[in-house]
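Undergrad: Sharing a structure, written as C-alpha cells. Questions coming.
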Amino acid sequence: MKNIISIKDLSIAEIDEIMNGAEDMQKIIADPFLLKKINSPLKSKITLFFAESSTRTRGSFSEAARRLNFDCYEISGAEATSLSKKESLADTARMFASKNQGADIIAVRTNTEGAPRFIAEILDKMNCETAIINAGDGMNQHPTQALLDLFTISKYFGRKNIPDLTIGFMGDLAYSRVAHSDLLLFRLLGVKKIRLVSMPEAKIQAKYKDGFTEIIESEDIKTLSDCDVVIALRVQEERYTDPMKRETIKGKFRITPKNINLFKKEAIIMHPLPNPINTGEIDPCLYNYNKGPKVIVHEQAANGIPIRMQILNKSYQERQFKNNNQTASTVELEKIREESAKECLEKQRNKKMEFFRPINPETGTGIIIDHLPLGQGIIVQSLLEKTIGNDILPIHTIKGVLSGKYGKKDVIIIENNCLILENNDLLATISLKYGERTTLHLVKDKMYRKFKLNPPIIIKKLLACPNPNCVTNHEPESTTCFHNKFPDLGIVECAYCEREFPSEDLKPI
Amino acid sequence: MKNIISIKDLSIAEIDEIMNGAEDMQKIIADPFLLKKINSPLKSKITLFFAESSTRTRGSFSEAARRLNFDCYEISGAEATSLSKKESLADTARMFASKNQGADIIAVRTNTEGAPRFIAEILDKMNCETAIINAGDGMNQHPTQALLDLFTISKYFGRKNIPDLTIGFMGDLAYSRVAHSDLLLFRLLGVKKIRLVSMPEAKIQAKYKDGFTEIIESEDIKTLSDCDVVIALRVQEERYTDPMKRETIKGKFRITPKNINLFKKEAIIMHPLPNPINTGEIDPCLYNYNKGPKVIVHEQAANGIPIRMQILNKSYQERQFKNNNQTASTVELEKIREESAKECLEKQRNKKMEFFRPINPETGTGIIIDHLPLGQGIIVQSLLEKTIGNDILPIHTIKGVLSGKYGKKDVIIIENNCLILENNDLLATISLKYGERTTLHLVKDKMYRKFKLNPPIIIKKLLACPNPNCVTNHEPESTTCFHNKFPDLGIVECAYCEREFPSEDLKPI
Amino acid sequence: MKNIISIKDLSIAEIDEIMNGAEDMQKIIADPFLLKKINSPLKSKITLFFAESSTRTRGSFSEAARRLNFDCYEISGAEATSLSKKESLADTARMFASKNQGADIIAVRTNTEGAPRFIAEILDKMNCETAIINAGDGMNQHPTQALLDLFTISKYFGRKNIPDLTIGFMGDLAYSRVAHSDLLLFRLLGVKKIRLVSMPEAKIQAKYKDGFTEIIESEDIKTLSDCDVVIALRVQEERYTDPMKRETIKGKFRITPKNINLFKKEAIIMHPLPNPINTGEIDPCLYNYNKGPKVIVHEQAANGIPIRMQILNKSYQERQFKNNNQTASTVELEKIREESAKECLEKQRNKKMEFFRPINPETGTGIIIDHLPLGQGIIVQSLLEKTIGNDILPIHTIKGVLSGKYGKKDVIIIENNCLILENNDLLATISLKYGERTTLHLVKDKMYRKFKLNPPIIIKKLLACPNPNCVTNHEPESTTCFHNKFPDLGIVECAYCEREFPSEDLKPI
C-alpha cells in the first residue's frame, strides 16, 4: 500500500500494521535517537499540496515529516488554489513529483472529490515513484483522520474491543468526510452499534449506514447516552451555500457542563477540531472535565503525529510499487445460440422474418445489436463512433422496429465489422444501460451466434459521473470508472468520488 | 524567564543578561563553528504564529532560528488570521505546542492585546514546556524590538551611559507598541530625559510618561535637537479607521537633507522600519549621510538577529520552568469588632435595632453585607450566584434600607452560609467596587464579628476589562485579572492588555 | 558573473559554462553522494522574493536549493506584494541581504521591469556579497527559463548544432519575457532561422527580431511546419487589461491531435507551463504522443532543477565579486576651434558680433551654450541647477536669439563658472537631446575654445525612462541610465527595463 487514498482500499491487516507502526513512532517521539538514520545526503521529501485551507492537518503532516527527518515543502491556501485553477491537477501533480520537483510523497487536500486517486493514477502511468496521501477530498474521505481516531479509541478501549463498542456521531454528518471515513473504517473492523445525531438537513448518506447491526438516527443528543465513544463534528459551513440553512445548523448540538452528564461516565468525547469559538460543538470549559466523560480532543489531535509519521514512513518505503488500480472495463458475453448461417436463414424464412436484410449470412460478416430501447439507437451509434471510429460503414440505425416483447425497439446493424466485440468499454456500457434486454447477433464465417450481455463489473470511459464535483468532471486527462456495486438494485459507485448513483443517472460523455 | 511577554516582567539583571548573550551570539554569527552542537537528532522547533502581517520581524526570527540550528515553522498572514478566527487562541496555541505539533517556542504576533500572556498561562496549565515570545500584541508591547533598540544604542554610547542619554521619539506614539516597550525599558534603566514629538491625535498615553525626570512633548521636530538618540516611528495606518485622520498624520514628520542638521552631530537616528516610500519618516537618501547625525536603520535591523538568537536560546534553555503568574485574587478582611452573640443582641435591643432579624445570632449562622450603595444589592447578589452558586438559600437582598451615614443603602443577608469568606475573587471584587463603605457581619458559633474590607491587590474573574481589544474579551477560556495599581487614585491595570482604567469603569461580567 | 539578471550580460563562454555545470548537477541529482560537502555548520541561504505569483519557478528554485543543501526562505504572493508596496524594493533587498537576514542569494520575481538590476546595484553599493538572480521581471526577461530551454534543446540536437536549427514561437509574444530571453539567447548563439506565430495584438517588439537572417512572422500555425523546435507560450492574461482583447487571444493557437502532424516528425514541442486547462496551447492528450513530434514539456520543466542548481552554485561561488555596472555617463567634447581671447575678440568685431557681451574674454571666465533649440534654454537651465546647483551666478538664459543656420535659437551664458565641463551627466544629456547642433564656447585664461558634443554612449540621471513600469519610475533611490544604442536612428535603450525608445521621448526628470 504505497498510497493512502480511501479507507475502502485498506485491509484489516494493513490497518493493524499502521496501528502497530504508530506505536513504534511514539517511541521515536519520546526518544529521537531511535529513528533509523538514512544513509543519504538527501532527505526524503514530502510536498503538502493543500488546495483547501487547513492548518491543523497541514501542521501535523509537517511535524510528522520533521520527526522523520523528511524535507517538507508546502503549497497551500490561495496559492495552491490558483495553482490548480490555472493548470490541471494532473500537471500540478507532475510538477511536484519526483521526476520534476523531487516529491517522494505528495499529501493532497482538495475540494474536488476523487482527485487523490486520479493523481495517483497519473503518476503511476508515467512510472513515477511518488506516493499520494489523501489529506481530505471534498466531502468524500479523510483517511488519515479516521486512522488517528481509531488509534485514539484503541488506547482507551483496546484494539480488540473495538467491535463491541457503541460509537456515536454528532453534528454535520452530510458533509463530513471525517464521519464518512470513520464509518467505513468502523464497519470494516466489525463495529455493530452506531448512533447518529444530526439535524434533518445534515443527515448522513445511506451508503455509510450499511453493514451495521444496530444503527439509531435521531435529532436528540440523548441518543448518544449509551455510547462508549462520541465523535462530535463541526458544521462544514463552507459547504452550505444557503446562509439561512447554515445558521439553523450552526451551534445546534453543543456539549456543555449542563448536558455532559447524559453521557456514560466512561465515555470519551472526540472532535477533529477546530471547535469554533462560541458555536463549537464542545464548550472549552469541558477540556479539563474530570468528573465523568472525558473530552480528549487535544490528546486525539496529538495522535495525528505518530499516525502520520507511520503513514509517511510506509508510503516512502513502498513508493517504488506500482498500483494495480489500472483496471479495464469488465463484461461478459454469454452465448445463447449458435448455428450455421444456412440453418439460421432457414429458420427465419420459416418465420417470415427478414432479420439480416443488409447482411447475407452465408457470404457476409457483421453484427446486429437488437432490442435497444426506443430512441436509444442513435445514442449507441454515437458511442460506437467514439470508440471504434467514424469509418465503420455501412452502419444502419433503425428506429422503431416492431418487437413482440417490447412494443417498439431500436436496432443497429453493422456490416463488415465485428470490432465492437473487442471493445470492453463499449460492451460494458451497453450492458449497464440496456443489458437486460439487448442481444447481440454475430454473423461471421458462415456461422450465426447470438449473445446476451451479463451484468458488467467495471464500466469505464463512456459514461459521465453525475457528481459535478467529481474529479472526472474537471480534469481533461481523466476517464470515468464505475463499479456495478448492486446490480440488482441498479446502483453503481464512482471509483473516484466514491458516490453511488442509479445507473440510469449515468449519461454518455 | 522562560517567556518574553512584556518589558514589565523583566529585571535589569535579566536585560543585561540578554545584552551580554547577544554579544556572544554576534560571535557565533561571525564564526558559525562557535555554536555549540546539541546532541539530538531532532532540532529545537520554533513556530511563528503571526496573525498580524509582518515580514521583517518574522524574517528576523526565522534567520535567528536558522543561525541557532532550530527548525522554524511559519503560519502567517491571511492563514494565521483565519486560524484564530475559526478557533480560540487557546486551542491554536495548544495545537502548536510541544505536546501536539512540537513547538518548543511559539513567537506570537496578534492584534489582540494580552494574547501572549494568556497563551502562556494556558500552556502552563497543561504543564506544557513551550515558551512564548511576544512578537507584538496590538498596541501593547513589542519587547524584542525594544531590546534590539537598546542593544543598538549601547553599541554607540555604552550600556552604562544609557541613563544619561536624552532620547527622543517622533511620529505616531499613540498606537506604537515599539514606543511603549522602549519607554518602559528606558525608564527601568534609569533614563531621565525624554522628548516626544507627535501630532495631537497621536500623542502617547500618560502611563508611558511616568517616571522620567524631564519629559518634553511637542508638535515641533526641533524639540529633538538636544537628543542623543532619535527614534522615528511609522504611522500605524491600519489602526486609524478614519481615513481623513490618517492622511493628516501621514508624512507629517519627515527627516530630510533639509532638516537633518537640526539634530546633534553625534546623534543616531533609528527607525524600526518599514520606512514607507514617499511618506516614510526618513528620506532614503540619508541612509549614507556622513556629515553629521547617523541614520543607522539598517544596522539597527541587523541587530535583530543576535538579540532574537539570544532570546530564543534563553527561552529554550528555560522552557521547562513553570511561570509563577498564576496569582489569586488578594484582599484582606480587617476585623473591627468581635463580641458574643448575646452581648451583640443586647446592644441592638438597647438601640432598638432589628439588624439580624432573619438570623437568630444565638442559634443561627450567616453573613450580612452592609452599606452597599443603593441599587448595587442585586449586582452583588448576581456575583454571589456566579461564585458560590444558586443554592445559598435563603438570601435576602434588601434595597433602600435607611442608613445614618449614607442616606439609603442596600443590604444582603445570607442565612446558614459563610462561604463567601473563602471566595477571594468575590471579596476582592466587592472590596474594589464598594470597599470603602461596605462592612461584613459574620454570625457564627454564637459569636458576632464585624469586618471591613481593605483595598484589594489583585482582582480576578468577576469584572470585565473595558478594552474591547483585550484578549479577555475574546477568549472563552480567559479570566480577567487587574492590579490595583494606584488605590488612592482608583486606577487599576489589566494584567493582560496592560491598560489602565478607573475602577468604576470595570463592570461585572 | 555573480548575478544572473539579463541574457544581455552573458557571454557565450559563460553560457557554455552553465550548460556544462548543469550536466554535472544532473550527476549529483542521480547520485546525491557526489555533492561536495561544505565545511560549515551554517548552510548557504537563498531567499525567494516573489512579488509576482509563481509556483513552478519558485518550486524549482526551492528544489534546486534543497539538492545543493542550501537553506531556502520564501516570501511570495500577497505577502511579498504588500512588502514591496509598503517599503522600497531597495529597503526590502537590504532587509533580506546577508548583513541583515542572511541571504547569500536572492532570487527575485517582480512586476517592475529592471528591478533585479537595480537591487543588485543597491547591494553592491553597500559592499554586500548577496547575489541577485532574476526570476522574471515584468515583460522584460526570464533568463533562467531561457537557459533551461537551451539545455533542453541541446539534449535533443546537440549544443553545437544550435545555430543551424529553425526555431519557432507560438502564442503571446508581446508580453512573454520567456520569448524575449529565448530570442536574445538564440541570437547570441548564432541561430539564423526564426518563426513567430501570434495574433496581431500580441506580436513581438522589433528589437527581439534583430540579428536573425531569416525571420518569418504570421498568424498561421502552419508557418511552424519547418521548425526543429516549437516553443508554445501562454497568453499573459494578467497583462491584458481589456477583457475583450484577452478573450480574442486566449486559446487561439492550440496544438491538438488534429494539427500536430503539420509539424516536422523530428520536431520537439516545448512550453514553459502552466498550460491552462481547456485554453492551454497544448492539448494534454499529446503529452504521450509517440507518432511524430515530441511534446516534451515535463522533461523541459525537470531541466529547471539542474540549470538552477548550477546557477545557484555559480552565484554562490562568485558572490564576493563586485559588479562592474557602476558606469558613469560618457560623452566626449570635441574641440573645433582654439584661439587667444584677443584673436577671437578681433574676429567678432570684424563680423560685428557681440557674442560674449557679459563676459570679457580678456579678463573674464565663462561658458556659452549656443544653438539650443528655441524654448529649450529654460530646460537646460533647470538641468544646470539640478546638477551644479542654484548658485552659479550670474547666468543668462536668452530665448529667441537670431541664428543664421537655425532661424531662432536659445543661448545660455554662464559667467565665472566652468563646472559644467566636469559634469558628464549634464553634458551627456545635452549631447543626447541637442548634441547635433549645440556648441560650447569656453572662455578661460585669456583663451577661447569652441567645442561640439560627440554622441554620448551612456546617459545617466537626468532623463526619465518613458516606461511607467520601469523600476526607475518607482524607487526613490534609483537613477536612470540609457545606452545610446543606435545613435544614427536616435534610439536609446534603458539599462534597467531594457526597452528601446526614440531619444526625443526622454524627458528631464
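The values are calculated or read from the model by the stated rules, or taken from the named source; none is laboratory data. Note that this is a predicted model, so its numbers are computed, not measured. Every residue, glycine as well, gets a Cβ built from its backbone with ideal geometry; the counts of neighbours run over all protein chains shown.
Undergrad: What residue, among those in region C:283-312 that are within 13 Å of chain A (Cβ to nearest Cβ), assigned to a loop (DSSP other than H, G, I, E, B) and at pLDDT 95 or above, is farthest from C:Thr152 (Cα to Cα)?
TA: Going through the qualifying residues, I end up with C:Ile296.
Undergrad: Another question, then. Provide a single number: the residues in region B:158-172 that are at pLDDT 95 or above and closer than 19 Å to B:Lys252 by Cα.
TA: Number satisfying all stated conditions: 3.
Undergrad: Taking C:Pro163 as meeting all but one of (1) away from chain B (no Cβ under 14 Å); (2) touching a residue at least 60 places away in the same chain (Cβ under 8 Å), write down the number of the exception.
TA: (2)
Undergrad: Are there any helices (runs of 4 or more DSSP H) wholly within region C:1-104 with 1 or more residues that are more than 14 Å from chain B (Cβ to nearest Cβ) and over 17 Å from B:Arg58 (Cα atoms), and if so which?
TA: It comes to C:12-30, C:56-67.
Undergrad: Okay, next question. I want to confirm something. Restricting to region B:317-339 and keeping residues that are out of contact with any helix residue (DSSP H, G or I) (no Cβ under 8 Å at 6 or more places or on another chain) and β-branched (Val, Ile, Thr), which single residue is modelled with the highest pLDDT?
TA: Selected residue: B:Ile336.
For every residue, the table says whether it meets (1) assigned by TED's automatic domain parsing to the domain that holds C:Val471; (2) in contact (Cβ under 8 Å) with a residue 60 or more places away in the chain; (3) hydrophobic (A, V, I, L, M, F, W, C).
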{"residue": "C:Asp91", "(1), (2), (3)": "no, no, no"}
{"residue": "C:Gly102", "(1), (2), (3)": "no, no, no"}
{"residue": "C:Ala107", "(1), (2), (3)": "no, yes, yes"}
{"residue": "C:Arg117", "(1), (2), (3)": "no, yes, no"}
{"residue": "C:Asp124", "(1), (2), (3)": "no, yes, no"}
{"residue": "C:Ile133", "(1), (2), (3)": "no, yes, yes"}
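Undergrad: Next up: May I ask you to verify whether B:Ser382 is of a type in the set (Ser, Thr, Tyr), more than 14 Å from every other protein chain (Cβ to nearest Cβ) and surrounded by fewer than 16 Cβ atoms within 10 Å (Cβ to Cβ)? I'd like the intermediate steps shown before the answer.
TA: Values: of a type in the set (Ser, Thr, Tyr): yes; more than 14 Å from every other protein chain (Cβ to nearest Cβ): yes; surrounded by fewer than 16 Cβ atoms within 10 Å (Cβ to Cβ): yes.
In short, yes.
Undergrad: Then there is this: Could you tell me which of the residues B:Asn140, B:Asn111 is more than 14 Å from chain A (Cβ to nearest Cβ) and surrounded by fewer than 23 Cβ atoms within 10 Å (Cβ to Cβ)?
TA: B:Asn111
Undergrad: Working only within region A:271-282, note down all residues that are more than 8 Å from every other protein chain (Cβ to nearest Cβ) and either assigned to a loop (DSSP other than H, G, I, E, B) or without any contact (Cβ under 8 Å) to a residue 40 or more places away in the chain (or both).
TA: A:His271, A:Pro272, A:Thr279, A:Glu281
Undergrad: If you take the residues in region C:217-261 that are exposed (fewer than 14 other Cβ atoms within 10 Å of the Cβ) and free of Cβ contacts under 8 Å to residues at least 12 places away in the same chain, which one is nearest to C:Arg177 (Cα to Cα)?
TA: Checked region C:217-261; the qualifying residue nearest to C:Arg177 (Cα to Cα) is C:Glu238.
Undergrad: If you don't mind, another one. Where in region C:332-408 are there strands (runs of 3 or more DSSP E), lying fully within it, with 2 or more residues that are over 30 Å from C:Ile458 (Cβ atoms)? Before you say what the answer is, go through the steps one by one.
TA: On the way: elements: C:333-340, C:366-373, C:395-403.
Here the list reads C:333-340, C:395-403.
Undergrad: I'd like to know if region C:191-203 contains one or more residues that are more than 27 Å from C:Lys265 (Cβ to Cβ) and of a type in the set (Lys, Arg).
TA: Within region C:191-203, one or more residues are more than 27 Å from C:Lys265 (Cβ to Cβ) and of a type in the set (Lys, Arg).
The rows are residues; the columns are (1) in contact with a strand residue (DSSP E or B) (Cβ under 9 Å, 6 or more places away or on another chain); (2) within 24 Å of A:Glu436 (Cβ to Cβ); (3) not assigned by TED's automatic domain parsing to the domain that holds A:Leu427.
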{"site": "A:Lys352", "(1), (2), (3)": "no, no, no"}
{"site": "A:Gly364", "(1), (2), (3)": "yes, no, no"}
{"site": "A:Pro373", "(1), (2), (3)": "yes, yes, no"}
{"site": "A:Asn390", "(1), (2), (3)": "no, no, no"}
{"site": "A:His396", "(1), (2), (3)": "yes, yes, no"}
{"site": "A:Lys408", "(1), (2), (3)": "yes, yes, no"}
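Undergrad: Give the residues of region B:112-138 that are assigned to a strand (DSSP E or B) and either on the phi < 0 side of the Ramachandran plot or modelled with pLDDT under 95 (or both), sorted by residue number.
TA: Those that are assigned to a strand (DSSP E or B) and either on the phi < 0 side of the Ramachandran plot or modelled with pLDDT under 95 (or both): B:Glu113, B:Ala131, B:Ile132, B:Ile133, B:Asn134, B:Ala135, B:Asp137.
Undergrad: List the number of the failed condition for B:Gly407; all other conditions in (1) touching a residue at least 12 places away in the same chain (Cβ under 8 Å); (2) under 41 Å from the mean Cα position of the chain (by Cα); (3) at negative phi hold.
TA: It is condition (3) that B:Gly407 fails.
Undergrad: Specify which of the listed residues (B:Ala146, B:Ala131, B:Ala135) is over 26 Å from B:Pro274 (Cβ atoms), touching a Ser or Thr at 6+ places or on another chain (Cβ under 9 Å) and crowded, with 20+ Cβ neighbours inside 10 Å.
TA: Testing whether each residue is over 26 Å from B:Pro274 (Cβ atoms), touching a Ser or Thr at 6+ places or on another chain (Cβ under 9 Å) and crowded, with 20+ Cβ neighbours inside 10 Å leaves just B:Ala131.
Undergrad: Which condition number in (1) farther than 24 Å from C:Ile167 by Cα; (2) surrounded by 15 or more Cβ atoms within 10 Å (Cβ to Cβ); (3) more than 14 Å from chain A (Cβ to nearest Cβ) is the one that C:Glu334 fails?
TA: (2)
Undergrad: Take the conditions in contact with a strand residue (DSSP E or B) (Cβ under 8 Å, 6 or more places away or on another chain) and acidic (Asp, Glu) and apply them to C:Asp182. Does it pass?
TA: The answer is yes for C:Asp182.
Undergrad: Out of curiosity, is B:Arg239 within 14 Å of chain C (Cβ to nearest Cβ), under 30 Å from the mean Cα position of the chain (by Cα) and modelled with pLDDT under 95?
TA: No.
Undergrad: For B:Val297, state whether it is under 30 Å from B:Thr429 (Cβ atoms), of a type in the set (A, V, I, L, M) and touching a helix residue (DSSP H, G or I) at 6+ places or on another chain (Cβ under 9 Å).
TA: Taking the combined requirement at face value, the residue does not satisfy it.
Undergrad: Mind checking which pairs have a first residue in region A:182-193 that is under 16 Å from A:Thr144 (Cβ atoms) and a second that is among the polar types (S, T, N, Q), Cβ under 9 Å, 6 or more apart or different chains?
TA: Listed by first residue and then by second, the contacts come to A:Asp182/A:Gln145; A:Asp182/A:Ser176; A:Leu184/A:Ser6; A:Leu184/A:Gln141; A:Leu188/A:Ser11.
Undergrad: Would you point out which residue out of B:Asp16, B:Asp31 is of a type outside the set (A, V, I, L, M, F, W, C) and free of Cβ contacts under 8 Å to residues at least 12 places away in the same chain?
TA: B:Asp31
Undergrad: Filter region A:120-137 down to residues that are within 14 Å of another protein chain (Cβ to nearest Cβ) and within 18 Å of A:Asn473 (Cα to Cα), then give me how many there are.
TA: The number of residues fulfilling the criteria is 2.
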